[in-house]
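The values are calculated or read from the model by the stated rules, or taken from the named source; none is laboratory data. Since this is a predicted model, take the numbers as computed values, not measurements. Cβ placement follows ideal geometry from the backbone for every residue including glycine, while neighbour counts extend to all protein chains displayed.
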Amino acid sequence: MHPSAYKAQRLRVQIRGSSLPAPLLTYDTARGTWTLEETYAAHDGRWTLTIAAPFEFDLASIPRLFWSLIAPFELSIVAPLVHDFLYLEAGDPPSGGIVPQRHYTRADTDRLFLRLMKAEGVATWRRTLAFTVVRIFGGRYWGTPLGVRPPP
């Protein structure tokens with residue numbers, strides 16, 4: 001079997017040092033995408049964001065130019081999962097996606113990405129750089145489905 005055909009299926013992916021519950025995921029090496037296999041709830045202060053399974057994401061869409069400094073797989077799992085969910089929905093997930101209901105701006109979403117990386121134990125320099133890159137280059141992904149996104 002060709003290595004690009006492998007999938008890591010239904011693994012609970014826990015980031016070392018993370019204080020957040022581990023999501024149940026499948027990784028498709030051929031496509032470079034992760035699929036959330038079990039509904040996941042993330043908390044942001046008084047809000048709960050619920051990401052229904054299956055949900056496909058690609059770990060924050062960091063442009064390849066920056067991968068030598070901040071490869072997406074080094075930025076945690078929950079932070080990019082939530083970030084990609086809110087980016088796809090342009091901050092307005094379907095009913096029940098955020099309780100109590102609220103709108104996340106792109107800036108709100110990027111700040112949440114930063115906070116979740118901190119909760120997952122990502123080094124300060126790495127999360128600050130990732131946040132900066134997302135703020136500068138992330139606009140082209142806001143409200144765009146994964147399948148039609150420009151390449152990272």
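Observations, loosely collected:
- Flag if Ile15 is more than 23 Å from Val133 (Cβ to Cβ) and either modelled with pLDDT under 95 or of a type in the set (A, V, I, L, M) (or both): no
- Segment 104-133, subset in a helix (DSSP H, G or I), modelled with pLDDT of 90 or more and of a type in the set (Val, Ile, Thr), residue surrounded by the fewest Cβ atoms within 10 Å (Cβ to Cβ): Thr124
- Residue selected from segment 34-72 under the condition outside any strand (DSSP E or B) and under 14 Å from Tyr87 (Cα atoms), by the criterion modelled with the highest pLDDT: Asp58
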